[in-house]
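The values are calculated or read from the model by the stated rules, or taken from the named source; none is laboratory data. These numbers were taken from a predicted model, which means no experiment stands behind them. Backbone-built Cβ (ideal geometry, glycine too); neighbour counts: all protein chains shown.
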Amino acid sequence: MQDSRDRFAFLGREFLTWLWFASETNNGFVAVPELGNVRVEFGQRLTLESAGNVREGSTVSADSPSQTEEARTALRVGKKVARARLLLDLGERHFEVGLDAETLTFAGVKLPALMAGDDAMKTEERLRLLDEVENIVDSLYMTFVNLRRDEAAWEPVREALRTWVQEVAA
């Protein structure tokens with residue numbers, strides 16, 4: 001029997017692929033109802049994988065991996081984003097986070113510079129910033145999930161995404 005985590009693992013890959021599409025087609029921004037516009041960029045490392053039991057992968061390491069021909073070709077042949085390094089800007093704050101699509105776990109989080117203060121104040125600020133980046137990613141994901149589960153809203157996005165996939169690698 002397949003557990004629910006495995007059953008819905010595809011959503012993370014669809015989420016990161018949609019995030020690439022949404023940011024690229026909106027001048028780098030994704031509108032999030034609770035937060036406003038979040039600037040999203042893919043940085044340094046991007047892994048795309050095919051679905052199924054035998055996963056073929058393509059990992060691209062570059063300053064802007066989502067702009068490379070290799071990443072775009074992998075997308076065109078049906079691979080989806082499995083892992084990505086996301087650069088997220090909300091207002092004046094800049095975050096970097098590695099995200100695994102299957103588990104939505106973070107890796108290598110970089111936070112904005114901490115303000116001066118004693119160790120207790122820095123720890124408190126670091127925890128607040130970790131909460132903030134988690135909230136940003138959660139809000140982006142919920143924006144995707146809410147869109148994805150509304151068939152009437154999702155259908156035109158799905159078609160636009162298909163068109164975009166064919167155009168980005170052409």
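Couple of notes before you dig in:
- Answer residue from region 2-31, given it is outside any helix (DSSP H, G or I) and surrounded by fewer than 17 Cβ atoms within 10 Å (Cβ to Cβ) and is modelled with the lowest pLDDT among those: Q2
- Residue list for region 102-133, restricted to those being charged (D, E, K, R) and not in a helix (DSSP H, G or I): E102, K110, D118
- Residue check: L87 meets all listed conditions (1) modelled with pLDDT of 90 or more; (2) surrounded by fewer than 15 Cβ atoms within 10 Å (Cβ to Cβ); (3) closer than 22 Å to E14 by Cα; (4) out of contact with any Leu (no Cβ under 9 Å at 6 or more places or on another chain) but one, namely (2).
- Residue in region 98-115 that is within 23 Å of Q166 (Cα to Cα), modelled with pLDDT under 90 and of a type outside the set (D, E, K, R) present: no
- Contact annotation: residue pairs with Cβ atoms under 9 Å, 6 or more positions apart or on different chains, pairing a residue in region 111-123 that is touching a residue at least 12 places away in the same chain (Cβ under 8 Å) with a partner that is of a type in the set (A, V, I, L, M) and surrounded by 12 or more Cβ atoms within 10 Å (Cβ to Cβ), are L111/L129; L111/L130; L111/V133; P112/L129; L114/M121; L114/L129.
- For region 74-84, the tally of residues that are assigned to a loop (DSSP other than H, G, I, E, B) and within 16 Å of A9 (Cα to Cα) stands at 1.
- Residue check, E102 surrounded by 15 or more Cβ atoms within 10 Å (Cβ to Cβ), in contact (Cβ under 8 Å) with a residue 60 or more places away in the chain and in contact with a strand residue (DSSP E or B) (Cβ under 9 Å, 6 or more places away or on another chain): yes
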